[in-house]
Amino acid sequence: MIANATRAAALLALLSAAACSADDPDFDRILDEGGGDSDSDSDSDSDSDSDGDCDDDGDGYWDPEWAALECQILALTNERRAQSADCGVEGHFDPAPPLVMEPHLREAARYHSLDMGERGYFAHESPGGPNGNDLQQRVASAGYTGWTYLGENIAAGQMTPEQAVQGWMESDGHCANIMRAQYNEIGVGFAQVAGSPYGTYWTQDFGRR
C-alpha cells in the first residue's frame, strides 16, 4: 500500500521525454523543456511479459506491492493505447498495439524511480547515479541494448496508478509517448521513499528493438 497519502497528494509532478531516432542529428536537442510540472523524453537507437502476463511478485529483488502497482500501470497504458487519443501539440494518435513488459527496461525504470526518491531529485538526467547519468546509460546498465526507439515518462506524488496515467494522458508529451506505435516494449518502475520530496515515484521506459 502507498503510505503518507495526504503529504504525497499535495506534491504532484510529471516529466516526459519526446521520441526520436538514434540516427537523428538533433538527437540531443529533442528533449522537451516542458517546465517544472511536465517534460517528455524519447530517443531512438534500443525479455518480456505481456500485460496479461505481468510479473507482480517483484522478481526476487523488488517489493511485490510495488510490482503489482507497476502491472496496473501497464494495463492502464494498454487500455489507453487501444483507443485513439488527441495529444494536443503532439497531434492525434490512432490506436496502437499493446506494449509488452520487458524485464531490462523494467529494471531501469525501477532503479530510476528509487534513485529519484533516495537522492531527492526529479528529472530524466541522473548525474552520478548508480546506473548512469541519463536514460540511455540507465537502460544499457540494465542490459537493454540494440534499441531503435527509446523514451521515458516520469511522475511523482501520485497516489494511484490511475492518477499517474491520467496525469500523463493530460500532458501532450507524455500522452504522445504512451500512444506512439513505434514503441512495442515498456518497463514500469514504482518506488515509495519515506521522507523524500514527493514520496512516490513512477517511471515508464519505452523501447523498441
Quiz item: Mind checking whether some residue in the stretch 137-150 is touching a Gly at 6+ places or on another chain (Cβ under 8 Å), under 25 Å from Ser84 (Cβ atoms) and of a type outside the set (Lys, Arg)?
Solution: yes
Practice problem: State whether one or more residues within the stretch 73-89 are hydroxyl-bearing (Ser, Thr, Tyr), more than 24 Å from Glu170 (Cα to Cα) and assigned to a helix (DSSP H, G or I). | Solution: no
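Which residue is farthest from Ala191 (Cα to Cα), if the candidates are limited to the stretch 118-129 and must be of a type outside the set (Ser, Thr, Tyr) and under 15 Å from the mean Cα position of the chain (by Cα)? Walk me through it before giving the result.
First, the residues of the stretch 118-129 that are of a type outside the set (Ser, Thr, Tyr): 118-120, 122-125, 127-129.
Filter again for under 15 Å from the mean Cα position of the chain (by Cα), leaving 122-125.
Numbers: Phe122: 13, Ala123: 15, His124: 16, Glu125: 17 Å.
Looking at residues that are of a type outside the set (Ser, Thr, Tyr) and under 15 Å from the mean Cα position of the chain (by Cα), I get Glu125.
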Self-check item: helices (runs of 4 or more DSSP H) (entirely within the stretch 92-209) containing at least 2 residues that are open to solvent by less than 40 Å² (accessible area, probe 1.4 Å) and in contact with a Cys (Cβ under 6 Å, 6 or more places away or on another chain)
Solution: 172-179
Exercise. Give the residues of the stretch 48-89 that are touching a strand residue (DSSP E or B) at 6+ places or on another chain (Cβ under 8 Å) and under 15 Å from Arg180 (Cβ atoms), sorted by residue number.
Key: Thr77, Ser84, Ala85, Asp86, Cys87
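The values are calculated or read from the model by the stated rules, or taken from the named source; none is laboratory data. Just so it is clear, the model here is predicted, and its values are computed rather than measured. Every residue, glycine as well, gets a Cβ built from its backbone with ideal geometry; the counts of neighbours run over all protein chains shown. Surface areas here come from the heavy atoms of the whole protein model, side chains and all, with no ligands, DNA or RNA. Shrake-Rupley method; radii C 1.70, N 1.55, O 1.52, S 1.80 Å.
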